[in-house]
Amino acid sequence: MARQQFVALLASGQRMLGALYASGTVHCSIGLHRDDVDATRSGTHLLSLFTISWRETNVAPRSVTAARAVTSVEGHTGVAFLEAPCGPAVLSETTLRSADGGALPQRPLLQVHAHLPHPDCRRLAVLTLSTTATARREEYRAILRQVVETVRFVHPLGGDS
């Protein structure tokens, strides 16, 4: 029985990873860490999901591509333009809720996005940090901003990516 449950859980995970891959996701990391900001909630753990996805775009100047990424889709808030070492970038947020009566918990999901146009002007890297810890909005924005500062569009073995 335990083996069947494990296989079912593994199959569910494979479907989730397949859906991420189908939407252009090339990297996914799961984080579990203590909530060390609120001392009254010591021992509380926060769960987060970090993904990197590639999206094809129409050829345009990189700053235009970054702006279009958040203005062409409804629901983005907290939009901020920044000049990162890899070029222009836009940070934004979305907050999602599962459908009423669904199998998922009714907790809101905060997603902080960074849209980074590639120098070839044909692709857009989208870094997304997701969590149900909506009270930590500013901390997660700061984390993603720091990650954006490390992005470089160069191949690790030389040449362009």
- Task: Consider only pairs whose beta carbons are under 9 Å apart and that are at least six residues apart or on different chains; among these, list those whose first residue lies in region 24-35 and is under 15 Å from ILE143 (Cβ atoms) and whose second residue is of a type in the set (Lys, Arg).
- Result: ASP35/ARG41; ASP35/ARG136
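Select, from VAL79, VAL37, the only residue that is at pLDDT 85 or above and in contact with an Asp or Glu (Cβ under 9 Å, 6 or more places away or on another chain).
Only one candidate passes the filter, namely VAL79.
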- In region 46-71, the residues that are open to solvent by 70 Å² or more (accessible area, probe 1.4 Å) and closer than 27 Å to LEU17 by Cβ: LEU47, TRP54, ARG55, GLU56
- Note on the structure: Over region 110-145, the set of residues within 14 Å of SER48 (Cβ to Cβ), open to solvent by 50 Å² or more (accessible area, probe 1.4 Å) and within 15 Å of the chain's Cα centre (by Cα) is THR132, ARG137, GLU139, ILE143
- Kindly indicate whether any position in region 81-98 is open to solvent by 50 Å² or more (accessible area, probe 1.4 Å), outside any strand (DSSP E or B) and without any contact (Cβ under 8 Å) to a residue 40 or more places away in the chain. yes
- Residues in region 154-161: is at least one surrounded by 13 or more Cβ atoms within 10 Å (Cβ to Cβ) and at pLDDT below 95? no
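The values are calculated or read from the model by the stated rules, or taken from the named source; none is laboratory data. Here the structure is a predicted model, which means the values were calculated and not measured. Reconstructed Cβ throughout: ideal geometry from the backbone, glycine too, with neighbour counts over all protein chains shown. For accessibility, only protein heavy atoms count, side chains too; no ligands or nucleic acids. Shrake-Rupley method; radii C 1.70, N 1.55, O 1.52, S 1.80 Å.
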